[in-house]
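Reviewing the structure listed below.
Please treat every number below as a calculation from the coordinates, not as lab data. Computed from a predicted model, the values in this text were never measured in an experiment. Every residue, glycine among them, receives a Cβ derived from its backbone with ideal geometry; neighbour counts consider all protein chains shown.
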Amino acid sequence: MLHAADVAVHLEVVNLNPGAGDPLARLRRADQEIARRRQRRSEFARKAVLMDSDQVDGDAQRRNETERLAQQLGIRIIWQETCHEAFLLRHLEGFAQHRPPTTNGAGVALQAAWPQYRKPMTKLLLARRIGLAEVRRAAAVEAALAAFLTEIGLLP
């Protein structure tokens with residue numbers, strides 16, 4: 001549960017098969033997981049998935065297919081340029097503008113900035129280092145993240 005400006009926001013974070021390289025399969029898996037969780041509670045107000053851009057870089061058709069499927073499923077894509085490690089790096093103090101051009105470079109940079117980072121890392125361990133202030137820092141340079149956070153009330 002996150003609180004911002006007296007607004008309580010419940011987020012469900014789900015790891016949808018780490019290491020899966022197919023963005024279309026990941027979206028279908030997200031849709032299945034949303035349907036499964038919906039049976040236990042009410043409808044989700046917003047649905048989003050983090051997607052590594054390196055899975056579609058250089059393949060405009062694949063990116064378009066991915067975005068089209070996400071739109072059909074009602075799921076917002078927040079593209080992580082280039083990968084999750086690069087996206088995490090932009091949450092850290094002094095690294096908001098850092099954009100490693102490769103996945104390997106992002107991993108090296110993140111490890112240097114955050115020596116305790118291990119992949120995969122649990123939600124609890126991530127939350128110890130990345131809180132609302134860090135999420136807002138990343139949102140200042142990540143338009144899709146900022147749009148999502150505004151939609152759910154965590155940004156004005």
- If we scan segment 33-52, do we find a residue that is without any contact (Cβ under 8 Å) to a residue 24 or more places away in the chain and more than 23 Å from HIS10 (Cβ to Cβ)? no
- Regarding ILE75, is this residue within 20 Å of ALA146 (Cβ to Cβ), surrounded by 17 or more Cβ atoms within 10 Å (Cβ to Cβ) and of a type in the set (A, V, I, L, M)? yes
